[in-house]
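See structure below.
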Amino acid sequence: MTAPVVLVAEDDADILDLVELRLRQEGYDVITARDGQEALRLAGERRPALALLDVQMPRVNGYDVTRRLRADAATRGMVILILTASVRDTELARAFEAGADDFLRKPFSPSELAARVRAALESEARL
Amino acid sequence: MRRESADNQARTAILIGVAGLVISVLLILAYSGYLTGALLRPIARVAGGARRLAGGDLSARIDERGPAEMGELARTFNVMATSLEEHRDQLESQNAELEASQGELEHAVEQLAEEKRQVEVLHRFGARLQEHAELEPLAAAALDDLCELARCEVGALYARGRDERTREGATLLASHGVRSERLAPRLDPGDGPAGRAMQQRTTVVLGYGEAGLRVPAYGDDVPVRAELHVPLIQSDRHVGVVSLGRIRDEPFGEDETATIVYLASQAAIALSNARALQVARHQARINRAVLDTANEAFLAMNDKIQVTAWNPAAERLFGWSGTEAIRQPVTELIVPVEDRDNVRAELELFLRTGESRLVGRRIEVTGVRRDGSEVPVEMTVSPLNLDGRWVFNAFVRDITARRRSQLHLRVQNAVARAMAEAATAEEALPRMLAALGEGLGFAGGQYWSADADGHRLWLDAWWSASGVEAGERGESTTNDDDSAATQAWRSGEVLWVEDPAVVAVPVISGTTTLGVLELTSAEPRIRDDQLVQMMVYLSQQIGQYLERKASEREAEILKDQFFALVSHELRTPLTSIIGYLELVLEDDEALTDHHRRFLGVVDRNARRLLRLVGDLLFVAHVEAGRLALEVGEVDLRTLTTEAIEAARPRAEAKDLVLEAVTQDVPLMAGDRDRLAQVLDNLISNAVKFTPEDGSVTVRLVTRDDEALLEVRDTGVGIPEAEQDRLFERFYRASTATERAIPGVGLGLTIAKAIVEAHGGTLDFDSVEGAGTTFRVRLPLNPPPTGAPESEQVRGGVSL
């Protein structure tokens with residue numbers, strides 16, 4: 001069984017590295033993008049099982065990436081987690097409206113992130 | 001005459017008596033010729049006696065000796081002579097009496113004539129006094145007459161002022177025989193002989209040499225030789241003084257003086273009456289002048305409700321002239337038809353009982369003008385009983401303007417209230433329109449706002465009395481329309497269309513026309529400048545309000561952006577710090593204990609920074625009214641125990657006694673995390689602010705329907721002067737800053753906001769240096785606050 005492909009899109013390089021590092025430890029095949037456009041391209045090419053999208057990214061933000069992934073039949077089924085630095089409830093509501101499955105607030109514990117990714121993929125697998 | 005005849009009669013009687021005697025003597029002599037001898041001598045004696053008698057010597061007597069017949073004759077002769085003598089004495093005495101009574105009679109006649117003359121003088125004086133009613137002519141006439149009657153060449157009359165009881169001086173009213181300029185215009189009590197007469201109320205008489213006045217008479221100044229100063233007193237009231245002077249040398253006699261004093265008292269009465277009349281006339285003139293020029297309408301009526309007085313202001317107010325109004329029933333003139341019976345009944349009630357709700361106090365009623373229009377008036381009807389008959393005086397004030405300004409004030413207040421109470425301009429505008437429309441009697445109102453590029457007006461808000469839509473939001477004017485709103489907007493002036501009524505008022509802030517406020521009615525309405533003025537004023541207020549709201553909204557957006565930025569820009573690096581720390585700490589083998597401890601410090605401070613960011617955002621949310629609770633079941637006791645345990649390591653590090661006295665508390669609805677935040681804050685504060693070896697006691701009990709949580713410490717306390725400000729954000733007590741106890745002053749602000757969002761209260765007692773007790777009261781079944789509940793409901797529906 002090949003490792004599931006996980007796309008991480010985050011414009012902050014340090015956080016991107018942190019997430020990549022932690023998820024590789026968990027055994028995922030991690031692909032990374034520095035902006036929304038790149039994320040969309042990679043998602044189209046590699047069809048990851050899960051995308052971890054930061055909200056505030058250059059060019060295309062996390063919500064729009066989510067919307068476009070959901071709009072495309074090829075990527076509609078992937079699990080999408082939103083990463084946000086905002087604590088506002090309206091932001092969370094927007095995440096769900098755009099079609100995200102879950103969200104995670106910054107700052108997060110890398111272990112918690114790993115646990116959430118695992119849980120999301122497992123529940124997705126059960127369906 | 002009578003005396004003469006009496007003389008003649010006496011004389012005749014004597015002559016007759018004497019003739020008889022002579023005849024008798026002749027007979028006796030003839031007889032004696034016959035009787036010679038012894039008879040001759042006695043007869044000769046009788047004859048001698050008779051001659052003496054005849055010669056008028058009635059005392060003649062004769063020797064009665066002689067023969068019996070002769071003796072008898074002599075005696076008879078003597079008796080006769082004696083009788084004759086007595087008779088004559090009697091007559092003479094009668095005559096003397098007659099002469100005496102004649103003198104008395106003549107004296108009485110003289111006296112009568114004198115009295116008659118005096119009565120005539122007095123009468124004429126009295127009549128002269130009555131000829132004059134005015135004070136000054138009367139004084140002149142009285143003085144002239146007095147001078148004439150007292151035969152004085154000069155005179156002066158001084159009268160005192162209105163109040164005779166005061167000690168004020170008198171002024172010169174009249175002069176006689178001397179130019180008034182030569183006399184003092186005023187006379188003070190005690191000033192000269194006249195002043196003395198006035199002050200002492202006595203007549204002062206000065207004789208020759210004492211008088212000082214020199215007056216021009218006979219072509220040269222001559223001294224007055226005698227003066228008489230008589231005080232003018234009328235029944236104890238001091239009217240003045242009259243001074244009379246004689247140039248010729250003739251002192252004032254006593255009788256004369258008495259007469260003059262009497263005449264002066266008559267003059268005093270007349271002068272006093274004249275002055276009373278003058279005062280009354282003055283008063284009446286003043287009253288009339290006041291009433292004539294009064295701005296307030298004045299009218300009087302008699303007990304038949306007929307108008308007896310009607311001033312010019314009443315003419316102006318009601319349109320009826322004085323001549324038209326006088327003697328008309330007041331009800332017919334100014335009382336609306338429907339009120340007339342009532343007014344008549346009330347006045348009749350007053351005449352019967354002395355009481356009426358229309359009389360004696362200020363009332364606001366509706367009056368009617370000559371042209372039939374109505375006018376709100378305020379009036380006071382004052383009853384006055386004049387010699388048994390009632391008259392009613394009434395001041396009537398037109399209160400149209402007052403009513404209008406009251407109305408305008410009410411409307412302004414209502415608009416101000418709408419601004420104050422509404423959270424947003426969108427909410428306030430329809431309420432303001434309603435306040436204006438309802439208050440001012442319009443059927444509808446719109447607010448049109450100008451778009452940014454100044455091309456069109458967009459309908460922002462509307463109100464209608466009937467509830468029927470007066471427009472649709474989003475409707476706009478067109479470039480070329482000539483609606484009232486557009487015209488008012490383009491001109492910047494109020495536009496008033498009278499029929500049907502449209503009032504369009506530009507809403508201006510500074511130099512920008514923000515929009516147009518429009519009030520409409522299906523009825524015609526004449527332009528009301530006062531209303532226009534008020535609307536202009538109000539539109540400025542509204543303009544400022546809208547501008548303020550717009551900038552508030554802008555500030556709100558900026559603040560939001562700022563917090564979003566802060567949130568993002570702080571949380572992003574913290575994400576790396578905390579995340580990498582976790583990765584490093586997970587790698588047990590690579591770390592020494594030193595490293596582990598150092599990294600622990602980094603982690604603790606990173607989290608402290610994170611908490612601070614969280615607190616700032618929380619306060620921002622509370623201030624924006626966006627504190628949302630995630631309501632669930634909360635066990636306060638568990639929460640309290642957890643908070644105590646979390647604080648215990650810090651308490652033990654300071655050797656504090658951390659005690660908990662907790663009861664089971666029923667489950668309550670609340671936000672668990674937020675309440676935990678409150679408990680953490682209060683307990684960790686208590687630990688933070690209590691010096692070593694102190695104690696912190698936490699008590700949780702149920703009281704009635706609420707949970708009471710107390711956190712008591714023996715800490716530094718809060719100075720009394722600072723206690724009021726403790727819950728202000730970023731406020732830190734001096735006892736905290738002086739001891740460099742860390743914190744930013746947000747914890748209590750947040751705790752209070754959370755407790756209040758749960759319907760509870762947070763307060764404290766503190767004594768500086770002795771400790772502080774914070775008290776949280778939470779209702780045990782609090783209705784969840786509006787926002788979270790409605791969100792839950794909405795969520796429930798959408799899911």
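Bear in mind these aren't lab numbers, they're just calculated from the coordinates by the rules spelled out. Because the structure is a prediction, the values reported are computed rather than measured. FYI the Cβ positions are ideal-geometry reconstructions off the backbone, even for glycines, and counts take in every protein chain you see.
At a glance:
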quantity	calculated
Tensor-based shape of the stretch B:513-620 (alpha-carbon gyration tensor, a/c under 1.5 rounded, otherwise prolate or oblate)	prolate
All lysines inside 22 Å of B:Lys752 as judged from Cα atoms, apart from same-chain residues fewer than 8 positions distant	B:Lys688
The stretch B:473-552 and the stretch B:610-632: distance between their alpha carbon centers, rounded to Å	42
Cα long-axis angle, helix B:2-34 against chain B (0 to 90 degrees, to the nearest 10)	20
Over the protein assembly as shown, volume per residue of the alpha carbon convex hull, in Å³	471
Positive-end residue of B:Leu98, B:Gln561, B:Gly48, charge dipole of chain B with Cβ unit charges	B:Gly48
Calculated diffusion of the stretch B:79-177, Stokes-Einstein form, Kirkwood radius summed over Cα pairs, 25 °C and 0.890 mPa s, µm²/s	133
Compactness index (Cα Rg / 2.2 N^0.38 Å), the stretch B:372-442	1.89
Computed over chain A: relative contact order in percent, which uses C-alpha pairs under 8 Å that are six or more apart	23
Computed magnitude of the charge dipole of chain B (debye, nearest 20; Cβ of K, R +1, Cβ of D, E -1)	3500
In the stretch B:593-629, the trypsin sites (Lys or Arg not before Pro) that fall in loop regions by DSSP, at most 16 other Cβ within 10 Å	B:Arg626
The stretch B:346-446: trypsin sites (Lys or Arg not before Pro) in DSSP coil with no more than 16 other Cβ atoms inside 10 Å	B:Arg357, B:Arg361, B:Arg369, B:Arg370
Virtual spin-label span in nm between B:Ala522 and B:Asp481, 7 Å along Cα→Cβ	2.1
Sum of -39500 (n - 2.57) over DSSP H runs of 4+, divided by residues of chain B (222 nm, nearest 500)	-17500 deg cm²/dmol
Reachable aspartates and glutamates from B:Lys654, criterion Cα separation under 13 angstrom, eight or more residues apart if same chain	B:Glu692, B:Asp693
Integer Hz, Karplus 6.51/-1.76/1.60 couplings in order for the stretch B:123-129, x for Gly and Pro	4, 4, 4, x, 5, 4, 5
Spin-label pair B:Asp763/B:Thr511, simplified geometry with 7 Å Cα→Cβ offset, distance in nm	5.4
On Cα atoms only, tilt of B:340-353 relative to the major axis of chain B in degrees	50
Reachable aspartates and glutamates from B:Lys549, criterion Cα separation under 18 angstrom, eight or more residues apart if same chain	B:Glu421, B:Glu426, B:Glu427, B:Asp451, B:Asp460, B:Asp560, B:Glu623
Principal semi-axes in Å for chain B [√(5λ), Cα gyration tensor, largest first]	132, 41, 28
Overall Cα dimensions of the stretch B:313-369 - principal axes, largest extent first, Å	33, 23, 21
Under the Karplus curve 6.51 cos²θ - 1.76 cosθ + 1.60, θ = phi - 60°, whole-Hz ³J(HN,Hα) for the stretch B:395-408, x wherever Gly or Pro sits	9, 10, 10, 6, 10, 4, 5, 5, 4, 5, 5, 4, 4, 4
At q = 0.13, 0.23, 0.32 Å⁻¹, base-10 log of I(q)/I(0) for the stretch B:75-123 (Debye sum, equal scatterers on each alpha carbon)	-0.53, -0.81, -1.00
Relative contact order of chain B, defined on C-alpha pairs under 8 angstrom at six or more residues apart (%)	4
Tilt relative to chain B, helix B:786-798 - C-alpha long axis, 0 to 90 degrees, to 10	40
Spin-label proximity, B:Glu633 to the stretch B:660-684 - amide N less than 17 Å from point 7 Å beyond Cα toward beta carbon	B:664-673
Amide H partners (placed H, <5 Å) of B:Ala226, local residues excluded	B:Arg246
